[in-house]
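Readers should treat all values here as calculations from the given coordinates under stated rules, not as data from a laboratory. Because the structure is predicted, anything quoted here is derived from the model rather than measured. For neighbour counting, all protein chains shown are included, and Cβ atoms are generated from backbone atoms with ideal geometry for every residue, glycine included.
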Amino acid sequence: MAKTKVRKNFHQARWDEPIIYDLSTPGLRGIIPPEADAEISAAYSGVMSKLPAEVKRKSSIDLPEVDQKHVLQHWLHLSQETMGSNISNDISEGTCTMKYNPRVNETIIADPGFAELHPDQDPDTVQGMLEIFYKFENMLKEVSGMDYVSLQPGGGNHAVYTAASIVRAYHAARGEAEQRDTVITTIFSHPCDAAAPATAGYKIVTVYPDERGVPDIEAIRAAADEHTAAIFMTNPEDIGIYNPYADQIVDIIHGVGGLCFYDQANANAFLGVARAREAGFDMCHFNVHKTFGTPHGSSGPATGALCVRDYLAKYLPVPVTQFDGQKYWLDYDRPESLGKIREYLGVASVVLKAYAWTMMMGDEGLRECAEISVINNNYMQKLMAEIPKMDEAFKGNGIVRQEQIRYSFGKLTEKTGVGSDDANRRMLDYGIPWFWSSHHPWVIPEPMTLEPCETYTKEDIEEYVEVVKAVVGEALKDPDLVKNAPYNSAIHKRKNEQNLDDPKKWALTWKVFKKKFKVD
Amino acid sequence: MTKKFAHPYIPNSQPAIKAALLKALDMKSAEDIYKEIPEHLRYRKKMNIPEPIQSEYLLLRHVEGILQKNKNAKNLVCFLGGGTWQHYVPAVCDTIMERDEFLTAYVGEAYSDHGKFQALFETGSMICDLTGMDACNTPVYDWGNAVAIASRMASRTTGRKEILIASNAGPERVSIVKNYVKPDIAVNFINYDKGTGLLDLTDLKAKLSKNTAAVYFETPSYIGVIETQAAKICKLAKAKGALSIVGVDPSSLGVFEAPGAYGADYVVGNYQPLGQHMQFGGGCGGFICTHDDKKFIAEYPSLLFGMYAVDGTEEDGELGFGEVFYERTSYASREKGKDFVGTSAALIGITAGVYMALMGPQGFKELGTGILQRVAYTKDRLAQIPGVSLPIDSVGFSDFLVSFKGKSVAEVNKALLAFGVIGGKDVSGDFPEFGQSALYSVTEVHTKEDLDKLIDALTAIMPTADAV
């Protein structure tokens, strides 16, 4: 059997890497672009003189000038000062489903049969890619139970925004756009379930949970009326508690004429287990870059797959991928469509990788992925419960948690002053990546949200718990040790962070930084 | 699982381990966890998903088999542009983009992901060197999304509710903006001159009003025209209290003036030309640059990665990076934040930084000059082919319109394919004023041989002068 190891001697790469501009020497360069053939460059050497003076570049281009080896070296150093999930025990980023991102999928997207395709090529010349889109959409129809899928949105938030746009179009078509001006959401739903409908023009009503941590169905009933355009809700919510009243909530909202959107960002534990369709929702979305095994890319590129029932399909963004039995084609003739949400068909690399991942899984593999996710999470919960002062959201409410749990350092903070951020920094010293605390507001004090999804081993889970235990032990014994961490990370504890909110001190570019801090 | 081996991606599916975990939980199966889901919400059927291919080799063969049905721009010569372009992608860009550290990182703070913060700060710094601006956000989805967000930002900054958009801007980008500014911001269009492709300033003056939050135009425009009146447009907008949003192809800024130098308030565009393969449109990532003024910074919905102190940490001389003015965002403030923020296109931005550093100022100048020369050559040769004409005959950067007489664009493109050429995008529907026209694109990847292939093919395809 594999052994559980707490990495007491861990040290992240610390290159003390200068800013790229400090590596610059005039006259150096990293690459030479191909010149035009001699015949062309000779005949058209004066092409610039045909341009009016005012369009020619006169201002200096202050880009760094660096040779190729040192450009490579610089970004390799920066990469080593970044903790991707494939190199670490990233149970940390709960709600984000940091599963293994298979290398074979990177091999696939480097194939010129994908990498060198222009999106405006005639559909006859990209039948393979249209097949991938069509077939992956069909897979998602099975997973969601919905009738149509758009892979155009560029992330989960974008899919939620697209859903909000569809809500608007739906009520406008029924002549109720002005009357229905409110969207209901819940506090443990992702912030985008409030922010994206607000961007689409809606007032937001936020419902808090009952004493067991389940959204208060009576509060939803009270909020729902003839002004309700829709409800946007996550299930399970970010605290990992499955909402058993999902279908009753749908009935309440449908009863007042609203639509129901199911945020399925946390779908990993329910593949083949529970679907939006059976709960009666009109729309749902998946974060393809989470549940379907594609990398998060330091925060994108990504895909938010929006799945809808047939009666909402007419509003989906154009084009819609179709298949006539012989040929795949793109349907732009959809007069009630929202139009475009993102350029082209979406992030094709994510779709291609997700197709390959799902083909590696099949129906049984997806169910196994779901089962192991919830078993892992409950195993972790059992071990975490043995750590002194460790608490969790709505502990002891008798509800078995699903794929993730929001833990709390609240009791530890009361005793030692060591909070979530302190523990987070100290855990880095053991090689554990920065954990996800919670979105704001912090309803649960000093939170830590963990998601040990299916690609983590028993030893990973045990290592993680041992690290939390070690840090809690340190906090009880020597709080300052934890508060002043990290010591073995790429950087030390930060100071002067208040500058980040000070217009006189913040700097979003090197040139501004040099000016504000009088750096040579 | 019925198969008696652990799935390579699911270690705890090994039967003995799974059994041990369940035993520790005093459970018989995962059903003891799923019991929280009411039975009528359960899905008990088998999903209709193809049988898995669990051998990595066979999976690769399967996917490669599908991809072989595509015709790609490496084997053929491609002349499509308009929003995704075929540029050379330096090997170092591919290397960095594939690093598992960047590839699989997510929302870690600067303590675990110091390198990610520095990389994106450097990208923002360098794109601002090119655009002549001072501040930049972490990447957004694409160029259209950048225009859309900048439009809403401008509306909030000015308190005005109308955006004027140049009617020669990219149709997909415009469609994205139209949806994104609903329901409270109106979109109206500024005419352009069909002969020169330039914006009609008389029309602009007539439409600018105290309701105008911003004017959006592109240079080069979607139809490939270098907007020689850019400075005047920014000035006219400013005179009416409106802001200007300028869309650029960043690969052109080695030869064209930085919009920041002629009065732009926002400069937006696409990172794809900077080190991304075309990827069937998946290589896009958007940027929004502004000046370092709180009235602009406070309205960004995106995360902003900033540098905040000479001594950023307890260790002398260590650079400190962090999130600037986080309270703005919907992560911090839910519906009270600015629009919404989420996963977008960070890795594309990181790679663009590598590209800009590799190229340096000299690289961008040479790139731009080489493209201008190739375009000039191609246009001159194309204009000599019977039935082929150039509706706008000014100096162009990469993209330009080509009109056909006697054959439709669809017919021409079909015939070109037989010559191993992917012809330009058919814009007859979006820009009917130019008749049967296509948007062609020429970049540094095209050798004279490639260009001559197009020219020879069109010469062969088009009817002779007598027939036209």
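Can you give the mean number of other chain Cβ atoms that lie within 10 Å of the Cβ atoms in peptide A:331-340?
The mean count of partner-chain Cβ atoms within 10 Å per residue comes to 3.
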Checklist entry - From the square roots a ≥ b ≥ c of the eigenvalues of the alpha-carbon gyration tensor of segment A:235-364, which class results: rounded (a/c under 1.5), prolate (a/b over b/c), or oblate? => result oblate
Checklist entry - B:A239 to A:M1: FRET efficiency via 1/(1 + (r/R0)^6), r the Cβ-Cβ distance, R0 51 Å, to the nearest 0.05? => result 0.10
Next on the checklist: Given the options B:A213, A:L72, A:I91, identify the residue whose Cα lies farthest towards the positive end of the charge dipole of the protein assembly as shown (+1 on Cβ of Lys, Arg; -1 on Cβ of Asp, Glu).
Outcome noted: B:A213
Checklist entry - Of the peptides A:331-342, B:393-404, how do they stack up when ordered by the mean number of other Cβ atoms within 10 Å, highest first? => result B:393-404, A:331-342
Checklist entry - Which value in nm describes the separation of the simple spin-label points at A:D324 and A:K504, placed 7 Å from the Cα toward the beta carbon? => result 6.9
Checklist entry - So, in Å, what gap is there between the alpha-carbon centers of segment B:81-118 and segment B:261-281? => result 16
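Just the number, please: percent antiparallel of the DSSP beta bridges in the protein assembly as shown, rounded to the nearest 5. Spell out each step's value before the answer.
Working: 45 of 82 bridges.
Here the share of antiparallel DSSP bridges comes out near 55 percent.
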Checklist entry - According to the square roots a ≥ b ≥ c of the eigenvalues of the Cα gyration tensor, what is the shape class of chain B, taking rounded for a/c under 1.5, prolate for a/b larger than b/c otherwise, and oblate for the remainder? => result oblate
Item to check | Net lengthening on full extension, A:Q248/A:E106 (0.36 nm per residue, minus Cα-Cα) | outcome: 46.8 nm
Item to check | Other protein chain Cβ atoms within 10 Å, averaged over every residue that makes up B:309-321 | outcome: 6
Checklist entry - If you place +1 on the Cβ of every Lys and Arg and -1 on the Cβ of every Asp and Glu, how big does the dipole about the Cα centre of chain B come out, in debye to the nearest 20? => result 1740
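Counting only other residues whose beta carbon sits under 9 Å from that of A:E392, what net charge do I get with K and R as +1, D and E as -1?
Counting the neighbours of A:E392, the net charge comes to +2.
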Checklist entry - How large is the charge dipole for segment B:11-61, taken about the Cα centre, if only the Cβ atoms of Lys, Arg (+1) and Asp, Glu (-1) carry charge, to the nearest 20 debye? => result 140
Item to check | Translational diffusion of chain A, µm² s⁻¹ [Kirkwood Rh, Cα pairs; Stokes-Einstein; 4 °C; 1.567 mPa s] | outcome: 50
Checklist entry - Between B:A410 and A:Y332, what is the label-to-label distance in nm when each label sits 7 Å out along the Cα-to-Cβ direction? => result 1.1
Next on the checklist: I need the phi-derived Karplus couplings for segment B:390-395: 6.51 cos²θ - 1.76 cosθ + 1.60, θ = phi - 60°, integer Hz, Gly and Pro marked x.
Outcome noted: 10, x, 10, 10, 9, 4
Checklist outcome for this item: Cβ-Cβ cut-off under 13 Å around A:N89, Lys and Arg +1, Asp and Glu -1: the net charge is -4
Next on the checklist: Kirkwood Rh and Cα-based Rg: tell me the resulting Rg over Rh for segment B:11-61, rounded to two decimals.
Outcome noted: 1.12
Checklist entry - Between A:A164, A:L412, A:I491, whose Cα lies farthest towards the positive end of the dipole of chain A when Lys and Arg beta carbons carry +1 and Asp and Glu beta carbons carry -1, centred on the Cα centre? => result A:I491
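If the only charges are +1 at each Lys and Arg Cβ and -1 at each Asp and Glu Cβ, what is the size of the charge dipole of chain A around the Cα centre, to the nearest 20 debye?
1640
How many Cβ atoms of partner chains, on average, are near each residue of B:351-357 if near means within 10 Å of its Cβ?
Mean shielding count: 6.
What do the square roots of 5 times the Cα gyration tensor eigenvalues come to for segment A:1-76, in whole Å, largest first, as semi-axes of the equivalent ellipsoid?
Equivalent ellipsoid semi-axes, largest first: 47, 17, 11 Å.
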Checklist entry - Using 1/(1 + (r/R0)^6) with R0 = 45 angstrom and r between the beta carbons of B:K232 and A:A172, what's the FRET efficiency to the nearest 0.05? => result 0.70
Checklist entry - Measuring from label point to label point, each 7 Å out along Cα→Cβ, what is the A:S60 to A:W442 span in nm? => result 4.6
Item to check | Cα shape, segment B:68-132, gyration tensor, a/c 1.5 rule | outcome: oblate
Next on the checklist: What whole-number distance in Å separates the alpha-carbon centres of segment B:172-225 and segment A:146-160?
Outcome noted: 28
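Among B:Y331, A:Y161, what is the fewest-to-most ranking by other Cβ atoms within 10 Å?
B:Y331, A:Y161
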Checklist entry - How long are the three semi-axes of the equivalent ellipsoid of segment B:310-468, in whole Å, if each is the root of 5 times an eigenvalue of the C-alpha gyration tensor, listed from largest down? => result 47, 22, 13
Checklist entry - Among B:T369, A:L316, B:I185, which residue has its Cα positioned farthest towards the positive end of the charge dipole of the protein assembly as shown, with +1 placed on the Cβ of Lys and Arg, -1 on the Cβ of Asp and Glu, and the dipole taken about the Cα centre? => result B:I185
Checklist outcome for this item: Note to self: C-alpha centroids of segment A:26-60 and segment B:20-57 sit apart, in Å, by 62
Next on the checklist: Give me the tail of P(r) for segment B:91-356 as a percent: Cα-Cα pairs with distance above 27 Å.
Outcome noted: 36
Checklist entry - To two decimal places, what compactness ratio does segment A:1-131 give when its Cα radius of gyration is scaled by 2.2 N^0.38 Å? => result 1.68
Checklist outcome for this item: The local net charge around A:I220, scoring Lys/Arg +1 and Asp/Glu -1 for residues other than A:I220 whose Cβ lies under 12 Å from its Cβ, equals -4
Checklist outcome for this item: Which residues qualify? For B:I288, with a placed amide H closer than 5 Å and at least 5 residues away or on another chain, they are B:N137
Checklist outcome for this item: Taking a label point 7 Å from the Cα of B:H40 along Cα-to-Cβ, the residues of segment A:265-300 whose backbone nitrogen sits under 20 Å from it are A:273-283
Checklist entry - Considering the alpha-carbon set of the protein assembly as shown alone, what are its Rg and its Dmax in angstrom? => result 27.6, 95
Checklist entry - Could the peptides B:367-377, B:427-437 be put in order, highest first, of the mean number of other beta-carbon atoms found within 10 Å of their residues? => result B:367-377, B:427-437
Checklist entry - PRE reach from B:A418 (point 7 Å along Cα→Cβ): which of segment B:439-454 fall under 19 Å by backbone N? => result B:453-454
Next on the checklist: What FRET efficiency comes out for A:E414 versus B:A16 if R0 is 45 angstrom and r is the Cβ-Cβ distance? Round to the nearest 0.05.
Outcome noted: 0.60
Checklist entry - What's the exposure ranking of A:T416, B:T443, going from fewest to most Cβ atoms within 10 Å? => result A:T416, B:T443
Next on the checklist: I want to make sure I understand the PRE zone here: with the label point 7 angstrom from the Cα of B:A383 toward its beta carbon, which residues in segment B:435-458 have backbone N atoms less than 15 Å away?
Outcome noted: none
Checklist entry - Taking neighbour counts of Cβ atoms within 10 Å as a proxy for exposure, in what order, fewest first, do A:I405, B:I165 appear? => result B:I165, A:I405
